[in-house]
Amino acid sequence: MKFIPYGRQWIDDEDIEEVIKILKGDWITTGPMVKKFEEALCTYIGCDYAVAVNSGTSALDIAVHSLNLPRGSEVITTPLTFVATSNSIVYNNLKPVFSDISKDTRNIDPDEIRKKITKKTKAISYVDFAGHPADIDEITEIAREYNLYLIEDACHALGAEYKGRKIGNFADVTIFSFHPVKHITTGEGGMVALHDEDLYEQLKMLRNHGIDKEAGERYGKDAPYAYDVKYLGRNYRITDFQCALGLSQLKKVEKFIEKRQHLAHLYNELLKDVDFIELPVIKEYTTHVWHIYTVLLDDSINRDTFFNYMRNKNIGVNVHYIPVYKHSYYSKNFTVDPKHYPVTEEVFKRTITLPLHPQMEKEHVEYVVSTANSFRKSE
Ligand SMILES: *Cc1c(COP(=O)(O)O)cnc(C)c1O
């Protein structure tokens with residue numbers, strides 16, 4: 001069997017044609033495709049505004065920036081995530097305060113959030129782990145009670161639903177990524193989805209140096225030269241040809257999600273009798289979109305031995321994630337005692353991600369499962 005990566009993009013000829021069309025035109029960046037992509041995402045999700053940028057990380061950065069929190073404020077977040085969730089808090093001179101997770105969904109545990117609240121807490125930044133929405137009602141209730149902003153890192157969760165509504169309609173700002181392993185791709189890219197018009201105007205400036213006029217308003221014979229820099233923004237602009245790719249990919253998002261769901265259910269079916277594997281949980285009020293398929297190995301199995309065994313059989317297993325506080329930058333700059341995160345520690349020790357991407361076939365899943373099954377005999 002050829003190497004099966006844990007995730008990868010699916011780009012077809014139609015996508016490529018759309019990109020070529022833009023490359024042959026006048027605008028290759030900050031042109032009409034950016035707005036079209038943003039509008040299409042809003043229509044898909046049902047939100048009012050969206051701001052496209054050059055990565056999910058940039059989207060997180062400007063989303064946090066736009067809330068304008070006092071220096072040194074605390075933002076409660078999950079340790080079991082890609083480090084960008086937490087980095088975006090640190091970029092903005094704020095302090096990430098990690099809160100333990102729930103074992104079943106690996107999402108931040110609302111009861112743990114409550115224990116972490118102090119006078120300095122100003123926001124909660126939560127992740128919809130693997131594409132399974134977090135406990136949004138409970139988190140929203142805490143935010144109301146303590147007057148906190150909500151940042152939803154939905155980089156795993158494009159198209160996911162919580163109690164019948166699409167992710168992108170709950171937090172003050174919701175962030176998506178279009179990295180190649182995510183549901184749709186623009187190469188690199190990201191988006192902030194939101195409902196507030198003032199935040200929207202600010203986010204557009206933050207992606208473009210903090211400048212109050214967009215490229216289109218400053219182009220042409222009669223355009224005035226003047227503009228103002230209102231915020232300390234960055235250059236986080238995404239190109240028009242990337243947005244053409246994103247727009248074309250977005251047309252296929254439902255197909256991609258259905259394929260992922262089909263493969264995940266096949267894994268669940270084939271793995272249910274494997275005694276050393278604990279399957280992922282799906283709460284009945286959510287639509288899970290399966291960015292990744294993670295299982296927990298039995299205590300008797302050494303995860304790293306299993307990892308190497310699978311890799312040697314050309315299976316691109318992975319680990320999501322090394323807890324953020326374990327990385328050396330974090331342990332040097334923030335004092336965090338792993339003993340305070342028993343669930344995160346246990347999940348990290350036992351978790352493994354099996355390959356899942358929409359172009360995988362039934363045979364690939366069967367090969368992964370039969371190989372996993374053969375591990376016990378190999379010991
Ligand atoms: C992918 C991802 C990001 C960052 O997205 P990029 O587009 O790679 O910058 C942030 N948070 C989570 C949870 C992610 O999975």
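Charge dipole (Cα centre; +1 on Lys/Arg Cβ, -1 on Asp/Glu Cβ; no other charges) of the chain amounts to roughly 960 debye. Using 0.36 nm per residue and subtracting the Cα-Cα separation, the extra length available between residue 209 and residue 10 on full extension is 68.4 nm.
Counting only alpha carbon atoms, the long axis of helix 136-146 and the longest principal axis of the chain meet at about 60°. Against the empirical curve 2.2 N^0.38 Å, the C-alpha radius of gyration of the chain lands at a ratio of 1.01. Counting only residues at least eight positions apart within a chain, or on another chain, the aspartates and glutamates with an alpha carbon under 13 Å from that of residue 326 are 337, 345. Taken per residue, the accessible surface of the chain reaches 45 Å², heavy atoms only and a 1.4 Å probe. Ranked from largest to smallest solvent-accessible area, with a 1.4 Å probe on the protein heavy atoms, 329, 267 come out as 329, 267. Between residue 103 and residue 361, full extension at 0.36 nm per residue minus the direct alpha carbon distance yields a gain of 89.9 nm.
Report, in listed order, any pair from 182/204; 116/349; 251/349; 115/230; 119/213 with a Cα-Cα distance greater than 28 Å.
251/349; 115/230; 119/213
Can you give the percent of C-alpha pairs in region 142-181 whose distance is more than 15 Å? The answer is 47 percent, as a whole percent. Of the trypsin sites (Lys or Arg not before Pro) found in region 185-280, the ones in coil according to DSSP and having at most 12 other Cβ atoms within 10 Å of their Cβ are 221, 272.
Seen against the Cα atoms of the chain and their longest principal axis, helix 197-206 is set at about 90 degrees.
Among DSSP beta bridges whose residues both lie in region 13-250, state the antiparallel percentage, nearest 5. Could the numbers behind the result be given before it?
Working: 15 of 31 bridges.
Restricted to region 13-250, the bridges split so that about 50 percent are antiparallel.
Its Cα gyration tensor gives region 215-289 an equivalent ellipsoid, and the semi-axes of that ellipsoid, as √(5λ) in whole Å with the largest first, are 49, 16, 10. Treating the beta-carbon of each Lys and Arg as +1 and of each Asp and Glu as -1, no other charges, what is the dipole magnitude of region 71-174 about its Cα centre, to the nearest 20 debye? Computed about the Cα centre, the dipole is about 420 debye. Averaging the Cα positions of each part gives two centres, and for region 198-244 and region 304-338 these lie 39 Å apart. For the pair residue 379 and residue 1, label points projected 7 Å from Cα toward Cβ lie 2.0 nm apart.
Relative contact order for the chain: 24 percent, from Cα pairs under 8 Å spaced at least 6 residues apart, divided by residue count.
Tally up the carbon and sulfur contribution to the accessible surface of the chain as a whole percent, 1.4 Å probe, everything protein left in place. Carbon and sulfur together cover 49 percent of it.
When restricted to Cα atoms, region 253-378 yields an Rg and a Dmax of 16.0, 46 Å, respectively. Computed from Cα atoms, the angle from the helix 32-45 axis to the main principal axis of the chain rounds to 50 degrees.
Fully extending the segment from residue 284 to residue 312, taken as 0.36 nm per residue of separation minus the present Cα-Cα distance, adds 6.4 nm. Taking the chain as a Gaussian network of alpha-carbon nodes connected by springs under 10 Å, the highest mean-square fluctuation of the residues 203, 150, 250 belongs to 250. GNM, the chain, Cα, under 10 Å: largest mean-square fluctuation among 225, 285, 44? Its mean-square fluctuation being the largest, the pick is 225. Rounded to the nearest whole angstrom, the semi-axes of the ellipsoid equivalent to region 1-137, taken from the Cα gyration tensor as √(5λ), stand at 34, 21, 14, largest first.
Using the beta-carbon distance between residue 114 and residue 227 and R0 = 56 Å, what value does 1/(1 + (r/R0)^6) give for FRET efficiency, to the nearest 0.05?
Numbers: r = 45 Å, r/R0 = 0.81.
Step by step, r from the Cβ atoms, then E = 0.80.
Of 43, 29, 78, which has the largest mean-square fluctuation in a 10 Å C-alpha GNM of the chain? Per the Cα network of the chain with a 10 Å cutoff, 43 tops the list.
The values are calculated or read from the model by the stated rules, or taken from the named source; none is laboratory data. As the structure is a computational prediction, the values presented were derived from the model and not from experiment. Glycine gets a Cβ as well: all are built from the backbone with ideal geometry, and neighbour counts include every protein chain shown. What goes into the accessible areas is simple: the full protein's heavy atoms, side chains included, and nothing from ligands, DNA or RNA. Shrake-Rupley method; radii C 1.70, N 1.55, O 1.52, S 1.80 Å.
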